[in-house]
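Every number here is computed from the coordinates shown, using simple stated rules; none is lab data. Quantities reported herein were computed from a predicted structural model and do not represent experimental measurements. When we count neighbours, we look across all protein chains shown, and the Cβ atoms used for this are built from the backbone with ideal geometry, even at glycine.
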Amino acid sequence: MQSQQDRYKAPARWLHWLVAVLVLAMVPVGFLMVQQGIGRSLQNALFLFHKNMGVVVALLVLLRVLYRWRNPPPPLPASLPSWQRRVSAATHGLLYALIVLMPLSGYVRVRAGGFPIEVLDRLGVGSLLPRSEALANTAKSLHYAGALALVVLLALHIGAALQHGLIKRDGIMGRMWPPHR
């Protein structure tokens with residue numbers, strides 16, 4: 001059984017799982033919404049969901065980063081091999097970078113492309129960028145490459161969590177799961 005000091009605090013766990021659920025929903029939606037032949041109304045609904053949930057993810061990520069800055073995570077168990085510590089640190093660092101990059105590149109792609117972000121428009125938050133097809137295309141390419149990298153890192157992260165939780169049963173997964181007690 002783990003001590004409370006070995007576990008992430010409840011706000012960190014809740015923010016982790018909220019972002020996780022949204023990202024796990026947004027990745028397939030993002031890939032599906034750009035496919036040809038899925039029907040205009042479905043495609044529009046998927047774009048609407050993806051863009052506006054991107055705003056929610058951006059806000060949750062900002063909260064996560066600020067919370068983590070003020071509340072460092074508990075240390076990994078001393079029994080964890082050093083190579084796993086390095087892989088864990090690199091994976092988490094890259095995941096954080098990507099979950100910051102994805103909403104930013106999505107925002108730039110949409111706004112520089114001259115498209116609305118309905119939730120921001122309703123709140124009176126206008127575009128912070130001029131319309132620029134070149135900038136929109138660069139952001140689109142960055143967003144796509146980031147999505148591919150995110151899929152790989154998510155698979156690594158989820159695979160490692162499941163390995164620790166279901167196979168090794170060493171308490172690593174229990175640091176973040178469940179989101180509450």
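Only alpha carbons enter this Debye calculation for the range 1-68, each as an equal point scatterer, and the log10 of I(q)/I(0) it gives at q = 0.28 Å⁻¹ is -1.15. Counting only Cβ charges, +1 for Lys and Arg and -1 for Asp and Glu, the dipole size of the chain around its Cα centre is about 400 debye. Along the axis of the charge dipole computed for the chain (Cβ charges of +1 for Lys and Arg, -1 for Asp and Glu, origin at the Cα centre), the listed residues Q36, L148, V23 are led at the positive end by V23.
If I fit a long axis through the Cα atoms of helix 82-112 and take the longest principal axis of the Cα atoms of the chain, what angle between them do I get, 0 to 90°, rounded to 10? Taking the Cα atoms of the chain, the angle to 82-112 is about 20 degrees. Once the Cα atoms are used to define both axes, helix 133-162 deviates from the longest principal axis of the chain by about 20 degrees. Roughly what would the spin-label model give for S79 and I38, points 7 Å off Cα along C-beta, in nm? Each label point is offset 7 Å from its Cα along the Cβ direction, giving 4.4 nm. Note: the range 4-175, Cα convex hull, 135 Å³ per residue.
Across the range 76-175, Cα pairs under 8 Å and at least six residues apart give a relative contact order of 28 percent. Between K168 and R70, the contour length at 0.36 nm per residue exceeds the Cα-Cα span by 32.2 nm.
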